[in-house]
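S.K.: The structure under discussion is supplied below as structure tokens; questions concerning it will follow.
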Amino acid sequence: MAQNYDLIVIGEGISGLTCAGHAARSGLRVATLESTLFGGLVLNVNELDGYPGKESGTEFASELMQASAEAGVTSIQEEVTAIHPAGGAFEVVTGAGIFGARQVVIASGARLKKLGVPGEKEFEGRGVSWCADCDAPMFQNEDVVVVGGGDSALQEALVLANFCRSVRVAHRGEKLRAQKHLADKAAANAKISIMWKSTVEAILGGKMVEKVRVRRDGKIEEMASAGVFAYIGLEPNAGFAPSGIARDERGHLVTHDACETAMKGIWAIGAVRTGYSGLLRDATVEAQHVAEAIRSRLALD
Ligand code: NAP
């Protein structure tokens, strides 16, 4: 027999845990479903930017996980494969069976996009990394390349500059997308240089990464590099969401202002939804608002 909840939150990242804990503290029966480790992408960030307290991503996620458990949230380690409407409520389908929910919040976040160039897969863990905070110490006094021009690329370039001899940021455009304070810090760091109009075309080496082939302003060059860190944006984890929920051109779930999708009773928060700012502060605020909106709605039912 299906286990039934007032609210099922899909994803135990910062958004999901905040929403679930808040809803449970307001008296709802809540479960979270997570296919991997709780915490999401912030687990890879040692120093959270612009967040009060300045704790690490792991500490922040662990605190939220503990608060969620103390609030009575049931944490279930299962991957969601589908959500079906069922008589005014929903069936959330997993490999371990079906869970019933009166309301569903999709907080499944996003994953880092891959470059899709030769050598990327082959050298994963042998010079190709997606976590500067985890792997930077292995590149002590080495030259490395970071790809991208957004907040992630510059934040991680700054982490790498604490260890590496040089950090070249290959950006396809002529203007950074990153917030000004990160761009300013990178510009002031003598170890960081930006290669404009540059795309990485191949990652080369023997046992480990040795070189990167870059197309820079139309011309191909190969440069020595022991590491490649690609931060070229995020892909939403939304494959399981019902087709009745619209996606934007990059696959994010479309919601209205209050974060509810076109399917009444299914909400989307954080990096999986279109229009998310990318700022943790905003993620926690919207997660609380959604929990409150759900509590008010269920109180009227
Ligand atoms: P992003 O903001 O989407 O930036 C991706 C960057 O990669 C852009 O500069 C883009 O170039 C470039 N790019 C995209 N596809 C590419 C490709 N195929 N080849 C080469 N370059 C490519 O991604 P992000 O930096 O990971 O940030 C994701 C979200 O998290 C954002 O909302 C961000 O604000 C947030 N975030 C915030 C912080 C913070 O608050 N400190 C830290 C990290 C992330 P174009 O500019 O030319 O499009």
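S.K.: Under the definition of Cα pairs under 8 Å and six or more residues apart, what whole-number percent is the relative contact order of the chain? Don't jump to the answer; show the numbers that get you there.
M.R.: Working: 687 pairs, mean separation 57.9, N = 301.
Answer for the chain is 19 percent.
S.K.: Is there a quick way to get the dipole size of the chain? I mean about its Cα centre, with the Cβ of Lys and Arg at +1 and of Asp and Glu at -1; what is the value in debye to the nearest 20? Present the calculation step by step, with values, prior to reporting the outcome.
M.R.: Details: 31 positive and 37 negative charges, 157 e Å.
Here the size comes out at about 760 debye.
S.K.: Taking the Cα centre of the chain as the origin and placing charges on Cβ (Lys, Arg +1; Asp, Glu -1), which of V105, L158, G72 is farthest toward the positive end of the dipole?
M.R.: Among V105, L158, G72, the one farthest towards the positive end of the dipole of the chain is L158.
S.K.: Of A86, A67, A24, which has the largest mean-square fluctuation in a 10 Å C-alpha GNM of the chain?
M.R.: Highest fluctuation of the listed residues: A86.
S.K.: Just tell me which aspartates and glutamates come within less than 15 Å, Cα to Cα, of K191; anything on the same chain fewer than 8 places away is out.
M.R.: Here the aspartates and glutamates satisfying the reach criterion relative to K191 are E142, D143, E156.
S.K.: Which of the chymotrypsin sites (Phe, Trp or Tyr not before Pro) found in the stretch 56-109 are in a DSSP loop and have at most 12 neighbouring Cβ atoms, other than their own, within 10 Å? Walk me through the numbers on the way to the answer.
M.R.: On the way: sites: F60, F90, F99; in loops: none.
Loop-located and lightly packed - none at all.
S.K.: Before I look further, what does the stretch 11-155 give for accessible area per residue, probe 1.4 Å, in whole square angstrom?
M.R.: Values: 6260 Å² over 145 residues.
Counting only protein heavy atoms, the per-residue value for the stretch 11-155 is 43 Å².
S.K.: Tell me, how many Å apart are the Cα centres for the stretch 237-301 and for the stretch 41-112?
M.R.: Going from one Cα centre to the other spans 13 Å.
S.K.: Let me ask something additional. Dipole of the chain (Lys/Arg Cβ +1, Asp/Glu Cβ -1, origin at the Cα centre): which of V285, I194, S35 lies farthest to the positive side?
M.R.: Checking the options against the dipole of the chain, the answer is I194.
S.K.: Here is a follow-up. Testing the spin-label approximation: label points 7 Å from Cα along Cα→Cβ at E79 and A258. State their distance in nm.
M.R.: 3.4
S.K.: Which trypsin sites (Lys or Arg not before Pro) does the stretch 148-205 hold that lie in a coil by DSSP with at most 11 other beta carbons within 10 Å? Each step should come with its number before you reach the end.
M.R.: On the way: sites: R165, R168, R172, K175, R177, K180, K185, K191, K197; in loops: R165, R172, K175, R177, K191, K197.
Loop-located and lightly packed - K175.
S.K.: A follow-up question, please. Could you tell me which of the pairs K185/K211; K114/K264; K121/K207; K113/K175; K113/K219; K114/K175 are separated by over 23 angstrom between their Cα atoms in the structure shown? Show your work: numbers first, answer last.
M.R.: On the way: K185/K211 27 Å; K114/K264 34 Å; K121/K207 13 Å; K113/K175 20 Å; K113/K219 25 Å; K114/K175 21 Å.
In this structure, K185/K211; K114/K264; K113/K219 lie more than 23 Å apart at Cα.
S.K.: A further question follows. Can you give the local net charge around D184? Use residues other than it whose beta-carbon is closer than 14 angstrom to its beta-carbon, Lys and Arg +1, Asp and Glu -1. Intermediate results must be reported in sequence, preceding the final value.
M.R.: Details: positive: K180, K185; negative: D49, D151.
Taking every other residue near D184 into account, the sum is 0.
S.K.: What is the local net charge at G206, summed over the other residues whose Cβ is closer than 14 Å to its Cβ (Lys, Arg +1; Asp, Glu -1)? Walk me through the numbers before you get to the answer.
M.R.: On the way: positive: R126, K207, K211; negative: E122, E210.
Around G206, the surrounding residues sum to +1.
S.K.: How far, in degrees from 0 to 90, does helix 14-25 lean away from the longest principal axis of the Cα atoms of the chain, to the nearest 10?
M.R.: With both axes taken from Cα atoms, the answer is about 20 degrees.
S.K.: Can you give the log10 of the normalised intensity I(q)/I(0) at q = 0.09 Å⁻¹, computed with Debye over equal Cα scatterers of the stretch 195-301?
M.R.: -0.43
S.K.: Based on DSSP, what percent of beta bridges with both residues in the stretch 54-207 are antiparallel, to the nearest 5?
M.R.: Values: 11 of 21 bridges.
Roughly 50 percent of the DSSP beta bridges within the stretch 54-207 come out antiparallel.
S.K.: Figure the gain on full extension for K207 and R165 (residue separation times 0.36 nm, minus the Cα-Cα span) and round it to one decimal in nm. If you can, show how the numbers build up before the last one.
M.R.: Values: separation 42, 0.36 × 42 = 15.12 nm, distance 2.11 nm.
Here the segment from K207 to R165 would lengthen by 13.0 nm.
S.K.: At 1.4 Å probe size, with the rest of the protein present, what percent of the exposed accessible area of the chain is carbon and sulfur atoms?
M.R.: Working: 7170 of 14280 Å².
C and S atoms contribute 50 percent here.
S.K.: Among the GluC sites (Glu not before Pro) within the stretch 141-202, which fall in a DSSP loop and have no more than 12 other Cβ atoms within 10 Å of their own Cβ? Mind dumping the intermediate values first?
M.R.: Numbers: sites: E142, E156, E174, E201; in loops: E142, E174.
Listed in order of number, the matching sites are E174.
S.K.: Return the calculated 222 nm mean residue ellipticity for the chain, to the nearest 500 deg cm²/dmol, obtained by summing -39500 (n - 2.57) across DSSP H runs with n ≥ 4 and dividing by the residue count. Don't skip to the answer; put the middle values down first.
M.R.: Working: 6 runs with 70 residues, N = 301.
Mean residue ellipticity at 222 nm (helix-derived): -7000 deg cm²/dmol.
S.K.: Sticking with this structure for a sec: Less than 12 Å Cβ to Cβ from D135, Lys/Arg counted +1 and Asp/Glu -1: what total charge do the surrounding residues give? Before the final figure, lay out each step's value.
M.R.: On the way: positive: R126; negative: E124, D133, E142, E156.
Result for the neighbourhood of D135: -3.
S.K.: Which percent of the Cα-Cα distances in the chain go past 34 Å?
M.R.: Values: 13092 of 45150 pairs.
For the chain, the fraction of Cα-Cα distances above 34 Å is 29 percent.
S.K.: In degrees from 0 to 90, rounded to the nearest 10, what is the angle of the helix 280-300 Cα long axis to the longest principal axis of the chain?
M.R.: Taking the Cα atoms of the chain, the angle to 280-300 is about 10 degrees.
S.K.: Antiparallel as a % of all DSSP beta bridges within the chain, to the nearest 5? Show your work: numbers first, answer last.
M.R.: Numbers: 29 of 65 bridges.
So the antiparallel bridges amount to about 45 percent of the total.
S.K.: Going by alpha carbons, how many degrees (0 to 90, nearest 10) lie between the helix axis of 57-70 and the longest principal axis of the chain?
M.R.: 10
The values are calculated or read from the model by the stated rules, or taken from the named source; none is laboratory data. The structure displayed is predicted, hence computed values, not measured ones. FYI the Cβ positions are ideal-geometry reconstructions off the backbone, even for glycines, and counts take in every protein chain you see. Just so you know, the surface numbers come from the protein's heavy atoms only, side chains and all, with ligands and any DNA or RNA stripped out. Shrake-Rupley method; radii C 1.70, N 1.55, O 1.52, S 1.80 Å.
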